[in-house]
Amino acid sequence: MMECSGQEKREFVQENCKADSIRDTLQREVLKMAEDAGFSHMALADRATWHTMKEVRDMCAADKCNAYGHSWTCPPACGTIEECQARMMEYDWGVLVQTTQMLEDSMDYEGMMEGEKTQKERFSDFLQRLREKNVDVLALSSGGCRICRKCSYPDSPCRFPEKAHSSMEAYGLLVSQVCKDNDLGYYYGKDTVTYTGLMLVKEHSGSAQ
């Protein structure tokens with residue numbers, strides 16, 4: 001086995017320190033963009049916590065939201081869970097972003113819809129900020145795509161491929177578990193509802209400078 005010289009070891013350490021410094025800077029700037037977008041809570045997401053689960057995809061297949069097989073951003077159009085897992089692994093780390101909405105009571109449907117709308121607006125703003133800084137991201141939102149009244153799937157291509165994105169659930173992620181694994185809350189008290197999105201970042205192809 002070939003041993004490294006002292007100089008080679010020092011260069012290796014220096015390169016790793018430089019890479020860590022670049023990552024730290026980018027993470028701070030991405031978190032600042034999330035804060036500026038107005039999210040209630042946010043946290044870095046370790047790629048080791050992105051586990052697709054068949055059970056989550058099975059819940060999608062139950063089609064309680066009437067989107068399964070009817071949208072380009074939902075299963076099966078968004079890919080198998082194996083394809084989704086492979087796609088996520090192309091990214092280096094992520095940021096979980098949340099909007100918490102206060103409700104009048106547990107039946108406050110209008111409040112829930114307002115919270116979902118606010119989360120989607122903030123998520124779109126956050127995505128735009130990242131793209132303006134040439135940061136390469138994979139956006140996984142909360143809930144299904146609501147851009148078009150009726151999706152063009154499967155008859156014609158997506159009308160807004162730059163704006164449409166899949167949800168965390170569509171990719172087979174159990175949202176509460178991903179939050180827990182990254183030390184981020186999921187339940188914030190009685191008469192609240194929280195919406196969570198995940199932005200995955202690829203380091204080498206973008207910069208927040």
Per-residue [θ]222 nm for the chain (sum of -39500 (n - 2.57) over DSSP H runs n ≥ 4, rounded to 500): -12500 deg cm²/dmol
Long-range amide H partners of Ala45 with built H, under 5 Å: Gly94, Val95, Leu96
Helix 6-37 vs. the chain, principal-axis angle (Cα, 0 to 90°, nearest 10): 30 degrees
Cα-Cα pairs of the stretch 90-209 separated by more than 23 Å (percent): 37 percent
Along the chain, longest interval not containing exposed GluC sites (Glu not before Pro), exposed being DSSP loop plus at most 12 other Cβ atoms within 10 Å: 4-89
Whole-Å semi-axes of the chain's equivalent ellipsoid (Cα gyration tensor): 33, 21, 17
DSSP-assigned coil residues among chymotrypsin sites (Phe, Trp or Tyr not before Pro) in the stretch 133-209, each with at most 11 further Cβ atoms within 10 Å: Tyr187
Choice from Gly79, Gly189, Gly115 with maximal GNM fluctuation in the chain (Cα, 10 Å cutoff): Gly189
Residue pairs, from the table Lys54/Lys190; Lys117/Lys163; Lys64/Lys150; Lys54/Lys180; Lys54/Lys117; Lys133/Lys202, whose Cα atoms sit over 21 Å apart: Lys54/Lys190; Lys54/Lys117
Highest-fluctuation residue, Ala86, Ala67, Ala139 considered, GNM on the chain with Cα pairs under 10 Å: Ala86
Segments 150-158, 94-102 sorted - mean Cβ within 10 Å per residue, highest first: 94-102, 150-158
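Read the figures in this text as sums done on the coordinates, not as results from a lab. Source: prediction; values computed, not measured. Cβ atoms come from the backbone with ideal geometry, glycine included; neighbour counts cover every protein chain shown.
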